[in-house]
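Asker: What follows is a structure written as structure tokens; I'll ask about it next.
The values are calculated or read from the model by the stated rules, or taken from the named source; none is laboratory data. What you are looking at is a predicted structure, and each value in this text was computed from that prediction instead of being measured. With ideal geometry, Cβ positions are generated from the backbone for all residues, glycine too; neighbour counts draw on all protein chains shown.
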Amino acid sequence: MAGRATIDREAAETLAIQALTFLAAEPERLARFLATTGIGPDSLRAAAREPLFLAGVLDYVAADEALAREFATQTGLALLALGEARAALSRKDEHE
């Protein structure tokens with residue numbers, strides 16, 4: 001079982017959207033995310049369709065331990081799921 005991906009790409013995208021929704025739930029969190037990434041609020045919806053952007057959302061959340069713990073608590077997920085989802089989004093789709 002070691003080395004086996006436990007989260008598929010669809011589940012990883014869902015988790016990343018949850019993370020983005022979590023960030024957007026509080027104006028200060030969203031403002032800090034937008035400032036850090038340089039993306040504008042008007043571009044957010046289109047960017048959220050891109051797997052690499054979603055991976056970046058997970059990177060952003062995971063980089064702040066307090067934020068990651070709060071997200072994990074709210075969603076009931078283990079912190080490890082952030083890394084697994086990030087890896088799933090970063091892999092090249094074998095069917096492309």
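Asker: Could you tell me whether any residue of the stretch 69-77 is of a type in the set (G, A, S), within 14 Å of Q18 (Cβ to Cβ) and surrounded by fewer than 12 Cβ atoms within 10 Å (Cβ to Cβ)?
Answerer: yes
Asker: Just give me the residues in the stretch 49-65 being farther than 13 Å from L23 by Cα, surrounded by fewer than 16 Cβ atoms within 10 Å (Cβ to Cβ) and of a type outside the set (K, R), in sequence order.
Answerer: Result: E50, L52, A63, E65.
Asker: Continuing with this model, one more query. Going by the structure shown, is D93 modelled with pLDDT of 90 or more, of a type in the set (D, E, K, R), exposed (fewer than 15 other Cβ atoms within 10 Å of the Cβ) and out of contact with any Leu (no Cβ under 9 Å at 6 or more places or on another chain)?
Answerer: Judged against the criteria, D93 is not a match.
Asker: Could you tell me whether any residue of the stretch 9-21 is surrounded by 13 or more Cβ atoms within 10 Å (Cβ to Cβ), of a type in the set (D, E) and within 14 Å of the chain's Cα centre (by Cα)?
Answerer: yes
Asker: Here's something else I'd like to know. Could you tell me whether any residue of the stretch 69-77 is within 26 Å of D8 (Cα to Cα), small (G, A, S) and part of a loop (DSSP other than H, G, I, E, B)?
Answerer: yes
Asker: Looking only at the stretch 30-66, which residues are charged (D, E, K, R) and within 19 Å of A85 (Cβ to Cβ)?
Answerer: Hits for the stretch 30-66 are R49, E50, D59, D64, E65.
Conditions (1) on the phi > 0 side of the Ramachandran plot; (2) not aliphatic (A, V, I, L, M), marked per residue:
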position	(1), (2)
G38	yes, yes
S43	no, yes
A46	no, no
E50	no, yes
V61	no, no
L77	no, no
L82	no, no
R86	no, yes
S90	no, yes
